[in-house]
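Chemist: Here's a structure for you.
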Amino acid sequence: MNLIQVAEQAFVNEAAASYPKFKAGDTITVTYKIKEGDKFRLQNFRGVVMGIKGASPFTKTFTIRKISGGIGVERIFPFNSPFINSIELNKIGKVRRAKINYLRNLSGKKARIKEKTRVILAAENNSASENGETAEA
């Protein structure tokens, strides 16, 4: 191993590992810190993940797109950013590509992404209720 790999392993951000696993087509909410003057506040950005770029945790970024006031707004977030407070996975989208740039040209109902059904989670809840246990979702 060379020195660069040793340094990268020493400074791996544990916060990036605590984020939920998401991919292109998923709808997520990113809560990030904004500095206004000398104060910080939290702001949410909810949208569809357009794609993920980068190989190492230090260069990895993801792009989120949302429609605000009829205009498409995209924002690129680094995985390793200290300004990201949390990431919440809202919907799991069913897409067949790693980067869904074609979504930029679509509008209205054509721009919708089908949602994957969560059959495994429903099966776990049914088996837990049969056994008399309470399952948390």
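Chemist: So for the stretch 52-69 (the condition being touching a residue at least 60 places away in the same chain (Cβ under 8 Å), in contact with a strand residue (DSSP E or B) (Cβ under 8 Å, 6 or more places away or on another chain) and surrounded by 13 or more Cβ atoms within 10 Å (Cβ to Cβ)), does at least one residue qualify?
Modeler: The answer is no; no qualifying residue exists.
Chemist: Just checking, does the stretch 9-18 include any residue being under 24 Å from K116 (Cβ atoms), modelled with pLDDT of 95 or more and not hydrophobic (A, V, I, L, M, F, W, C)?
Modeler: no
Chemist: K23 - would you say it is out of contact with any Ser or Thr (no Cβ under 8 Å at 6 or more places or on another chain) and outside any loop (DSSP other than H, G, I, E, B)?
Modeler: Taking the combined requirement at face value, the residue does not satisfy it.
Chemist: Any chance you could count how many residues in the stretch 22-47 are closer than 15 Å to L89 by Cα and free of Cβ contacts under 8 Å to residues at least 40 places away in the same chain?
Modeler: Qualifying residue count for the region: 3.
Chemist: Within the stretch 44-54, identify whether any single residue is more than 10 Å from the chain's Cα centre (by Cα), among the aromatic types (F, W, Y) and at pLDDT below 95, and answer yes or no.
Modeler: no
Chemist: Confirm whether F40 is surrounded by 16 or more Cβ atoms within 10 Å (Cβ to Cβ), in contact with a Lys or Arg (Cβ under 6 Å, 6 or more places away or on another chain) and farther than 14 Å from I113 by Cα.
Modeler: Here the answer is no, as F40 does not meet what is asked.
Chemist: Going through the stretch 70-81 one residue at a time, which ones are at negative phi, of a type outside the set (D, E, K, R) and without any contact (Cβ under 8 Å) to a residue 60 or more places away in the chain?
Modeler: I71, G72, V73, I76, F77, P78, S81
Chemist: Residues of the stretch 86-101 being hydrophobic (A, V, I, L, M, F, W, C), surrounded by 14 or more Cβ atoms within 10 Å (Cβ to Cβ) and either over 16 Å from G51 (Cβ atoms) or touching a strand residue (DSSP E or B) at 6+ places or on another chain (Cβ under 9 Å) (or both), which ones?
Modeler: Within the stretch 86-101, I87, L89, I92, I100 qualify.
The values are calculated or read from the model by the stated rules, or taken from the named source; none is laboratory data. For clarity, every value in this text was computed on a predicted model and none was experimentally measured. Ideal geometry is used to build each Cβ from the backbone, glycine not excepted, and the neighbour counts take in all protein chains shown.
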